[in-house]
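Worksheet for the structure shown next.
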Amino acid sequence: MAAGSTYTPIATTTLGSAAASYTFSSIAGSYTDLVLIAVGTVAVDGDSLTVRFNSDSATNYSTTSLRGSGTAASSARGSSLTSLFLGYGDGFASSAITNAIMNIQNYANTTTNKTTLSRINNAGGTTGVGAEANVGLWRSTAAITSITIGGQTGNLSTGMTLTLYGIAAA
Amino acid sequence: MLNIVSSILAPQVAASTSSYESIATTTLSTATATVTFSSIPATYTHLQLRIFWKLSAATNLIANYNGSGAGNYKTHALYADGATVSSFVPSTSPNSVGFGYLGASTSFATTIVDILDYANTTTNKTTRYLMGDDRNGSGDIEFGSGLWLNTAAINQIVIAGQGGATLQQYSSLALYGIKG
């Protein structure tokens with residue numbers, strides 16, 4: 001008997017108007033990992049996207065980044081943050097498409113803190129341009145049931161596409 | 001007394017029409033010396049490992065293919081610790097391929113490994129990984145590339161901690177096949 005889909009689209013949206021944030025809610029706990037993809041522009045050039053789980057805006061997040069600007073490689077760290085980021089040094093462009101992907105590992109377990117791996121690619125903007133990878137930590141053992149994506153400084157622009165996938169295990 | 005066992009996983013799903021298929025998954029209920037994915041079918045184009053892992057010591061996560069040992073592997077890594085960026089050859093070479101270095105035994109890391117064109121019998125096998133471990137004030141992120149100097153199709157992957165470090169409880173290892 002054929003198996004079901006392993007890499008499954010959970011939800012997707014293309015913003016019909018500029019928005020401060022967007023939330024994927026009621027995320028089922030039936031997958032092993034989640035994959036969040038953001039493609040589009042923002043109102044403020046170079047703005048990072050914030051990512052929060054279960055509406056937690058306390059200082060329960062941290063990240064370590066590796067970034068290449070085209071002229072230099074660098075690393076940065078953020079501790080006791082109020083969110084994770086798609087782009088901690090780099091950001092999204094206001095007039096050129098930027099893409100980012102975040103892998104959220106073992107999101108539904110209730111035993112360990114949650115770890116993410118993300119990448120952002122901004123080649124066409126003016127500020128925060130480059131290629132960047134990040135590891136993120138949410139210090140909570142709760143299963144992730146919602147994900148809120150927002151602009152750190154300004155709005156997400158009309159036309160930004162946000163997609164959430166679930167990856168199932170055997 | 002530590003109960004060290006070796007988990008051996010054979011493919012767990014039947015044929016599917018999906019292009020991205022789960023082959024086998026395990027979440028460790030106790031500390032384990034090694035996890036083996038065995039009898040990997042040659043019906044995919046690429047493999048992907050998604051590993052959420054913790055070790056009993058600060059060291060590398062390593063793998064060997066088809067029981068192949070010493071002198072057959074190369075790994076190169078680009079590494080960032082929140083302050084500096086460096087590149088190095090992990091001490092896993094040449095006896096194993098590396099999947100990332102865990103800086104402390106107190107936290108979980110995550111690695112995504114792509115094993116490209118694993119079933120061909122003409123070329124050596126290449127891998128790439130992205131790994132990270134953040135501990136709110138410490139931690140690192142790492143890109144790596146790996147090479148197995150062997151043209152055989154990969155049908156077994158043995159994953160372990162370097163130097164005998166054990167995979168800890170709640171570590172989760174999942175193997176996926178990607179069709180071309």
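The values are calculated or read from the model by the stated rules, or taken from the named source; none is laboratory data. These figures come from a predicted structure and were not determined experimentally. Methodologically, a virtual Cβ is constructed for each residue, glycine included, from the backbone with ideal geometry; neighbour enumeration extends over all protein chains shown. Remember, those area values only see protein heavy atoms, side chains included, never the ligands or the DNA or RNA. Shrake-Rupley method; radii C 1.70, N 1.55, O 1.52, S 1.80 Å.
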* To do: Collect the residues in the range A:121-143 that are touching a residue at least 40 places away in the same chain (Cβ under 8 Å), within 14 Å of chain B (Cβ to nearest Cβ) and β-branched (Val, Ile, Thr), keeping them in residue-number order.
  => A:VAL135
* Identify the residue in the range A:71-120 that is open to solvent by 40 Å² or more (accessible area, probe 1.4 Å) and within 12 Å of the chain's Cα centre (by Cα) and, among all such residues, is farthest from the other protein chains (Cβ to nearest Cβ). => A:ASN99
* Asked: Can you name every residue in the range B:58-67 that is in contact with a strand residue (DSSP E or B) (Cβ under 7 Å, 6 or more places away or on another chain) and in a loop (DSSP other than H, G, I, E, B)?
  -> B:THR59
* Structure fact -> Condition set in a loop (DSSP other than H, G, I, E, B) and over 21 Å from B:TYR118 (Cα atoms), scope the range B:22-52, selection most open to solvent (accessible area, probe 1.4 Å): answer is B:SER29
* Structure fact -> Over the range A:126-139, the set of residues open to solvent by less than 20 Å² (accessible area, probe 1.4 Å) and part of a loop (DSSP other than H, G, I, E, B) is A:GLY128
* To do: Could you check how many residues of the range B:72-95 are assigned to a loop (DSSP other than H, G, I, E, B) and away from chain A (no Cβ under 14 Å)?
  => 8
* Candidate set from the range B:134-164 (those that are within 14 Å of chain A (Cβ to nearest Cβ) and more than 20 Å from B:ASN60 (Cα to Cα)); member that is surrounded by the fewest Cβ atoms within 10 Å (Cβ to Cβ) -> B:GLY137
* Could you check how many residues of the range B:67-102 are hydrophobic (A, V, I, L, M, F, W, C), open to solvent by less than 60 Å² (accessible area, probe 1.4 Å) and in contact (Cβ under 8 Å) with a residue 24 or more places away in the chain? => 5
* To do: Determine whether A:SER25 is exposed (fewer than 14 other Cβ atoms within 10 Å of the Cβ) and within 24 Å of A:THR161 (Cβ to Cβ).
  => yes
* Which ones in the range A:39-56 are of a type in the set (A, V, I, L, M, F, W, C) and open to solvent by less than 10 Å² (accessible area, probe 1.4 Å)? -> A:VAL42, A:LEU49, A:VAL51, A:PHE53
